[in-house]
Structure formats: structure tokens, C-alpha cells
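Structure incoming, see below.
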Amino acid sequence: MDLKKKIRIINDFPKDGISFKDVTTLLQDKDALKYTIDKMAEYLKDKNIDVVVGPEARGFLFGVPVAYAIGAGFVPVRKKGKLPYDTISVNYDLEYGSDELEIHKDAIKPGQRVAIVDDLLATGGTIGSVAKLVEQIGGEVVTANFVIELKELNGKSKLEGYDIMSLVEYDL
């Protein structure tokens, strides 16, 4: 399936010069959604993943069904102030700003094998920060998987040493 045909492009959103890749159109298409989750789960099936971690918010949309499909747990990584228990946090840069992410201190047991799942790999700042959080609480990041990768932003360069998989690649 050509997932690019299922992803809407919105130019100059959220600001001028950004070409936003809108996955809501993919999510609306039951066949495209099933294909996406199945492909991500297939990639993870032999990696002995204990926990899937998804960053807010679109990482939740793909991470939970992938976790279910492979028989793993799911851990959300959220923006500061959204998690109700003891957390650790990290600041990170976005392709058009900065933010702070948190994870519960007890969300991952030491040695658990983790797959990070998100909709988009751009500059690598968000996922690099998620990996840092996972490792700080003792998890082993086995792989990071994406629906979309923006090749020209070279996010993989911030994720050297990690196994990276994306279903669709775009040049800007």
C-alpha cells in the first residue's frame, strides 16, 4: 500500500515554511490504519519487546495498537505537568520550538526491552529525549519506529546507535 496517498500535506502549518504531514487522513482509512499497525507490529515481532513507549500525542495513536498487536505494555511520555505520579523530565528542541517531556519514574522496570513508536521522525529531538528518559529509568531502547521520516531533517543523526524504522520517507 502506498501510504503517501493516505497522508494529507498541509503547507505553511503550523507556521510558514513547514510542510505538515497530517496522519488523520491515514487514521480515517480503516485499510491504511490496519496496514500501518500490521507493518509496525511485523517489524517488532521478533525483537522481544516488553514495552512500547509513545510520546504525546500522536505516539499514543500508533503506539497503543502496536503494543496490543505484539503483546506488550504501553507507556505514555507526556508534556510536563500531565502525568499524575512521580516523574523525571527532559527538555528538547522541536523543528519549530522547544518543550519538556516526562515519564513516570516507575513506568519501565530495569532491563525491559522498549520500542519507541511515533508518527514522525523529523529532527530527532523528541525521540532522542524519549530514549534518554527510557534509559534513565533502566529501560533498553531496542528500536524506534515511525510512520513518517522527513529525510532532509536528518533526525537519524541524533539517534545514532539506535535501530530506526520508518514506513514512509519524504524529502522536504
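Regarding Thr126, is this residue touching a residue at least 40 places away in the same chain (Cβ under 8 Å) and assigned to a helix (DSSP H, G or I)? So that I can check it myself, show each step before the final result.
Numbers: touching a residue at least 40 places away in the same chain (Cβ under 8 Å): yes; assigned to a helix (DSSP H, G or I): yes.
For Thr126, the condition - touching a residue at least 40 places away in the same chain (Cβ under 8 Å) and assigned to a helix (DSSP H, G or I) - is met.
Look at Ser89 and say whether it is under 30 Å from Lys4 (Cβ atoms), assigned to a strand (DSSP E or B) and among the polar types (S, T, N, Q). Please lay out each step first, then the result.
On the way: under 30 Å from Lys4 (Cβ atoms): no; assigned to a strand (DSSP E or B): yes; among the polar types (S, T, N, Q): yes.
For Ser89, the condition - under 30 Å from Lys4 (Cβ atoms), assigned to a strand (DSSP E or B) and among the polar types (S, T, N, Q) - is not met.
Output yes when any residue across segment 47-64 is among the aromatic types (Phe, Trp, Tyr), under 15 Å from the mean Cα position of the chain (by Cα) and either surrounded by fewer than 19 Cβ atoms within 10 Å (Cβ to Cβ) or on the phi > 0 side of the Ramachandran plot (or both), and no when none is. Spell out how you get there, then give the answer.
Going residue by residue through segment 47-64, those that are among the aromatic types (Phe, Trp, Tyr) are 60, 62.
Adding the requirement that they be under 15 Å from the mean Cα position of the chain (by Cα) leaves 60, 62.
Those still in the list that are either surrounded by fewer than 19 Cβ atoms within 10 Å (Cβ to Cβ) or on the phi > 0 side of the Ramachandran plot (or both) too: 60.
Within segment 47-64, one or more residues are among the aromatic types (Phe, Trp, Tyr), under 15 Å from the mean Cα position of the chain (by Cα) and either surrounded by fewer than 19 Cβ atoms within 10 Å (Cβ to Cβ) or on the phi > 0 side of the Ramachandran plot (or both).
At least 2 residues that are modelled with pLDDT under 95 and over 22 Å from Gly125 (Cβ atoms) in each: list the strands (runs of 3 or more DSSP E) lying fully within segment 1-75 that qualify.
Details: elements: 8-11, 19-22, 51-55.
By residue number, no strands (runs of 3 or more DSSP E) qualify.
Something else: State the number of residues belonging to segment 1-55 that are among the β-branched types (Val, Ile, Thr), in contact with a helix residue (DSSP H, G or I) (Cβ under 9 Å, 6 or more places away or on another chain) and touching a residue at least 60 places away in the same chain (Cβ under 8 Å).
So the answer is 7.
Just name the residue that is surrounded by the most Cβ atoms within 10 Å (Cβ to Cβ) out of those in segment 117-136 that are under 23 Å from Tyr68 (Cα atoms) and aliphatic (A, V, I, L, M).
Val117
Test Lys82 against the stated conditions and say whether it is charged (D, E, K, R) and part of a loop (DSSP other than H, G, I, E, B).
Working: charged (D, E, K, R): yes; part of a loop (DSSP other than H, G, I, E, B): yes.
Yes: the conditions hold for Lys82.
Another question about this same structure. What's the number of the condition Tyr85 fails, among (1) farther than 21 Å from Gly138 by Cβ; (2) in contact with a His (Cβ under 9 Å, 6 or more places away or on another chain); (3) not polar (S, T, N, Q)?
Evaluating Tyr85 over (1) farther than 21 Å from Gly138 by Cβ; (2) in contact with a His (Cβ under 9 Å, 6 or more places away or on another chain); (3) not polar (S, T, N, Q) leaves (1) as the failure.
Looking at segment 91-103, can you tell me whether even one residue there is hydrophobic (A, V, I, L, M, F, W, C), within 24 Å of Ala32 (Cβ to Cβ), surrounded by 14 or more Cβ atoms within 10 Å (Cβ to Cβ) and within 16 Å of the chain's Cα centre (by Cα)? Show your work before the answer.
From segment 91-103, those hydrophobic (A, V, I, L, M, F, W, C) are 94, 101, 103; that's our starting set.
Pick out the ones that are also within 24 Å of Ala32 (Cβ to Cβ) and you get none.
Looking through segment 91-103, none of the residues is hydrophobic (A, V, I, L, M, F, W, C), within 24 Å of Ala32 (Cβ to Cβ), surrounded by 14 or more Cβ atoms within 10 Å (Cβ to Cβ) and within 16 Å of the chain's Cα centre (by Cα).
Quick one: is Asp38 touching a strand residue (DSSP E or B) at 6+ places or on another chain (Cβ under 9 Å) and among the acidic types (Asp, Glu)? Show your work before the answer.
Details: touching a strand residue (DSSP E or B) at 6+ places or on another chain (Cβ under 9 Å): no; among the acidic types (Asp, Glu): yes.
Answer is no for this residue.
The values are calculated or read from the model by the stated rules, or taken from the named source; none is laboratory data. Treat the numbers as computed from the prediction; the structure is a model and nothing was measured. Backbone-built Cβ (ideal geometry, glycine too); neighbour counts: all protein chains shown.
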